[in-house]
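The values are calculated or read from the model by the stated rules, or taken from the named source; none is laboratory data. From a predicted model like this one, the values you see are computed outputs, not experimental measurements. Note that each Cβ is placed from the backbone with ideal geometry, even for glycine, and that neighbours are counted across all protein chains shown. Note: accessible area is taken over every heavy atom of the protein model, side chains too, but ligands, DNA and RNA are not part of it. Shrake-Rupley method; radii C 1.70, N 1.55, O 1.52, S 1.80 Å.
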Amino acid sequence: LIPLTAARMNRRLRGWGVDIDPELVEQSNDQARKEGLADRVRFEHRNAFDADLSNATVVTMWLFPELMRLLRPVILERARPGTRVLTSTWDLGSWRPDRVSSEPSAIYLWVVPARVAGSWDWELSIAGKQISYGAVLEQRFQEVEGVARAGDRREVLNSATLRGEDITFSLDITLEGVGLTRHEFS
């Protein structure tokens, strides 16, 4: 129903659905043909764990909660950063949703985050000096925290946010010969 409804609502949308029940797949493809949507919507007999998510921009699920939680690592591994994930009624466990709507029932939205954990190095020219920076980022889904260094100074990154491929944070650090400096990165 979800790909068919979306295609009816917006003529530019294309949809692809998977189901493990071949009879439901056949019924869904028949419905797409009857509604004149078969050129934009198709259904395949496939296990959800085998779905190719690399071209998806939106993933919707209405499955048992334990199955959705089992699919969570598949989505995080195979979907591109920025892909939206929508569920109804049940959430994805410890992966906190980016937004929740409760009218008339709960709809959860997540944005697949880029993988940013690890060590990062960069240089900036400040007050005529080249300053080398390094940072170590830790990540749990879209939540990021970290520390940075410049010379012999180390500070915690402030207000770090990650949404899809977009990361922002600020850094207040005292630089040798410059003093306290506030950086805002995006």
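Is one or more of the residues making up segment 83-95 open to solvent by 90 Å² or more (accessible area, probe 1.4 Å) and touching a residue at least 40 places away in the same chain (Cβ under 8 Å)? No: zero hits. The residue pairs whose first member lies in segment 143-157 and is closer than 23 Å to R96 by Cα and among the small types (G, A, S), whose second member is modelled with pLDDT of 95 or more and open to solvent by 80 Å² or more (accessible area, probe 1.4 Å), and whose beta carbons are closer than 7 Å, counting only pairs six or more residues apart or on different chains, are G146/E138. Output the number of residues of segment 105-118 satisfying the condition of being without any contact (Cβ under 8 Å) to a residue 40 or more places away in the chain, under 19 Å from E165 (Cβ atoms) and buried (at least 17 other Cβ atoms within 10 Å of the Cβ). Going through segment 105-118 one residue at a time, the tally reaches 1. Give just the number: which of (1) open to solvent by 60 Å² or more (accessible area, probe 1.4 Å); (2) modelled with pLDDT of 95 or more does S102 not satisfy? The single condition S102 does not satisfy is (2).
Taking the criterion of being within 19 Å of R163 (Cα to Cα), in contact with an Asp or Glu (Cβ under 7 Å, 6 or more places away or on another chain) and surrounded by 14 or more Cβ atoms within 10 Å (Cβ to Cβ), would at least one residue in segment 119-137 satisfy it? No, segment 119-137 contains no residue that is within 19 Å of R163 (Cα to Cα), in contact with an Asp or Glu (Cβ under 7 Å, 6 or more places away or on another chain) and surrounded by 14 or more Cβ atoms within 10 Å (Cβ to Cβ).
Here R80 fulfils each of the conditions (1) under 28 Å from F185 (Cα atoms); (2) outside any loop (DSSP other than H, G, I, E, B); (3) open to solvent by 40 Å² or more (accessible area, probe 1.4 Å) apart from (2). Residues in segment 149-186 that are surrounded by 12 or more Cβ atoms within 10 Å (Cβ to Cβ), within 24 Å of the chain's Cα centre (by Cα), assigned to a strand (DSSP E or B) and not charged (D, E, K, R): N158, A160, T161, L162, I167, T168, F169, S170, F185.
Look at R8 and say whether it is more than 22 Å from E165 (Cβ to Cβ), basic (K, R) and open to solvent by 60 Å² or more (accessible area, probe 1.4 Å). Outline the logic, then answer.
Details: more than 22 Å from E165 (Cβ to Cβ): yes; basic (K, R): yes; open to solvent by 60 Å² or more (accessible area, probe 1.4 Å): yes.
Criteria met by R8.
Just so you know, in segment 22-68 the residues that are out of contact with any strand residue (DSSP E or B) (no Cβ under 7 Å at 6 or more places or on another chain) and among the aliphatic types (A, V, I, L, M) include one that is nearest to W90 (Cα to Cα), and it is L63.
Annotation note: of V144, V112, V85, the sole residue that is over 25 Å from F49 (Cβ atoms) and touching a strand residue (DSSP E or B) at 6+ places or on another chain (Cβ under 7 Å) is V144.
Cβ-Cβ distances below 6 Å connect the following pairs, each with a first residue in segment 20-36 that is within 18 Å of F49 (Cα to Cα), a second residue that is modelled with pLDDT of 95 or more and open to solvent by less than 70 Å² (accessible area, probe 1.4 Å), and a separation of six or more residues or different chains: V25/F43. Taking segment 9-52 as the range and being at pLDDT 95 or above, charged (D, E, K, R) and farther than 25 Å from E66 by Cα as the test, the residues that pass are E26, D30, R33, K34, E35, D39, R40, R42.
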